Amino acid sequence: MLTRRSTLTLLRTSLTSHSIPTVNYTQPIANSIFRQSKMPLVTISQSLDEAYTKHHIIPEVIDKFDTQGLLTIEYNQHEQVTLGNELSVSGTQHIPKIQFTLNSPTQDGKIESITNQDKFILVMTDPDAPSFHDKKWSEYLHWIVADLKLTDVEAKEGNEPEISHTIDVKQGRELVPYMGPGPPPKTGKHRYIFLLYKQDPQANELVAPSDRPNWGTGVPASGVRDWIKKNAPASKLLSVNFFYARNKDN
């Protein structure tokens with residue numbers, strides 16, 4: 001079960017173990033999480049940005065962007081994606097559970113606008129194919145689901161809108177079926193990156209790339225950024241999470 005308490009704990013562990021600057025999770029923040037009230041994610045968002053840079057997600061895969069929330073990925077109780085932790089290949093071969101928690105409004109009330117009409121794109125990509133230093137198959141496409149909807153977007157009577165939303169991928173349109181990690185022997189650790197976009201409202205007929213290697217372009221080191229720019233240019237990147245996996249023969 002994905003909860004804010006477990007998400008915070010996992011992030012704290014991951015951020016500390018990967019030597020990213022320490023996050024000050026103050027008691028008021030923790031209390032707000034445990035009360036299931038609005039979660040001020042400013043400090044967490046800063047640490048997310050630092051993680052993207054430290055692990056070369058920026059600028060290799062995406063350009064710098066304003067993180068709009070926390071993307072939580074859970075394969076099982078023991079295989080949860082937390083900003084660059086290492087997971088097993090065998091434990092990540094099935095579609096995970098996914099949740100997106102929006103940033104709380106800033107002091108001036110600004111928050112990413114989400115409505116029932118909005119659609120979303122979820123992607124998983126590997127920029128280390130066949131290895132971190134050899135980009136001839138990079139990026140390798142693992143998954144695209146478009147036309148997704150978020151749950152509980154509109155406020156119920158007498159309540160404020162939910163900021164935490166389950167993503168039911170079965171309700172979207174799977175352009176490319178999920179393929180779990182398959183890093184070749186002797187190629188070291190691979191990054192497996194999940195990206196959630198608010199879909200370009202004009203992109204109603206999205207078509208899958210022609211192939212998984214290089215996202216069908218035949219150009220090494222090309223991938224999701226190029227595909228989005230070509231097919232859904234007004235899409236907005238909301239959140240990113242990622243893990244590492246490696247072949248046992250390394």
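Give the residues of the range 181-202 that are open to solvent by 10 Å² or more (accessible area, probe 1.4 Å) and either at pLDDT below 95 or more than 14 Å from the chain's Cα centre (by Cα) (or both), sorted by residue number. Let's see the steps before the verdict.
As a first pass, look at the range 181-202 and keep what is open to solvent by 10 Å² or more (accessible area, probe 1.4 Å): 182, 184-189, 197-202.
Selection gives Gly182, Pro184, Pro185, Lys186, Thr187, Gly188, Lys189, Gln199, Asp200, Pro201, Gln202.
Test Val207 against the criterion of being in contact with a helix residue (DSSP H, G or I) (Cβ under 8 Å, 6 or more places away or on another chain), touching a residue at least 24 places away in the same chain (Cβ under 8 Å) and open to solvent by 60 Å² or more (accessible area, probe 1.4 Å), and give yes or no.
Values: in contact with a helix residue (DSSP H, G or I) (Cβ under 8 Å, 6 or more places away or on another chain): yes; touching a residue at least 24 places away in the same chain (Cβ under 8 Å): yes; open to solvent by 60 Å² or more (accessible area, probe 1.4 Å): yes.
Yes; evaluated as a whole, the condition is true for this residue.
Given the criterion of a type in the set (Lys, Arg), loosely packed, with under 14 Cβ neighbours inside 10 Å and within 21 Å of Glu74 (Cβ to Cβ), identify the matching residue among Lys248, Lys136, Lys229, Lys170.
Numbers: Lys248 fails: within 21 Å of Glu74 (Cβ to Cβ); Lys136 fails: within 21 Å of Glu74 (Cβ to Cβ); Lys229 fails: within 21 Å of Glu74 (Cβ to Cβ).
Exactly one residue qualifies, and that residue is Lys170.
Condition first: touching a Ser or Thr at 6+ places or on another chain (Cβ under 9 Å) and under 21 Å from His94 (Cβ atoms). Can you find one or more residues in the range 204-224 that meet it?
No, the range 204-224 contains no residue that is touching a Ser or Thr at 6+ places or on another chain (Cβ under 9 Å) and under 21 Å from His94 (Cβ atoms).
Can you spot a residue in the range 106-114 that is surrounded by 21 or more Cβ atoms within 10 Å (Cβ to Cβ) and either modelled with pLDDT under 95 or polar (S, T, N, Q) (or both)?
yes
Which of the residues belonging to the range 121-147 are outside any strand (DSSP E or B) and free of Cβ contacts under 8 Å to residues at least 60 places away in the same chain? Before you say what the answer is, go through the steps one by one.
Taking the range 121-147 as the starting set, the residues that turn out to be outside any strand (DSSP E or B) are 127-139.
Of everything in the range 121-147, those that are outside any strand (DSSP E or B) and free of Cβ contacts under 8 Å to residues at least 60 places away in the same chain turn out to be Pro130, Ser131, Phe132, His133, Asp134.
Go through the range 43-78 and give me each residue that's closer than 23 Å to Pro181 by Cβ, open to solvent by 30 Å² or more (accessible area, probe 1.4 Å) and not in a helix (DSSP H, G or I).
Residues satisfying the conditions are His56, Asn76, Gln77, His78.
Could you identify the single residue in Arg191, Arg212, Arg173 that is in contact with a strand residue (DSSP E or B) (Cβ under 9 Å, 6 or more places away or on another chain), among the basic types (Lys, Arg) and without any contact (Cβ under 8 Å) to a residue 40 or more places away in the chain?
Arg173
Any idea how many residues of the range 123-141 are farther than 12 Å from Pro184 by Cα and polar (S, T, N, Q)?
So the answer is 2.
Here's a check for you: in the range 226-236, which residue that is touching a residue at least 12 places away in the same chain (Cβ under 8 Å) and touching a helix residue (DSSP H, G or I) at 6+ places or on another chain (Cβ under 8 Å) is nearest to Ser131 (Cα to Cα)?
Residues of the range 226-236 that are touching a residue at least 12 places away in the same chain (Cβ under 8 Å), as a first pass: 227-228, 231-236.
In the following step, the residues that additionally are touching a helix residue (DSSP H, G or I) at 6+ places or on another chain (Cβ under 8 Å) were identified as 227, 235.
Numbers: Trp227: 21, Ser235: 29 Å.
Here the answer is Trp227.
The values are calculated or read from the model by the stated rules, or taken from the named source; none is laboratory data. Bear in mind that the values here come from a model prediction, so they are computed numbers and not experimental data. Glycine also receives a Cβ, built like all others from the backbone with ideal geometry; neighbour counts cover every protein chain displayed. Only protein heavy atoms, including side chains, enter the accessible area calculation; ligands, DNA and RNA are left aside. Shrake-Rupley method; radii C 1.70, N 1.55, O 1.52, S 1.80 Å.
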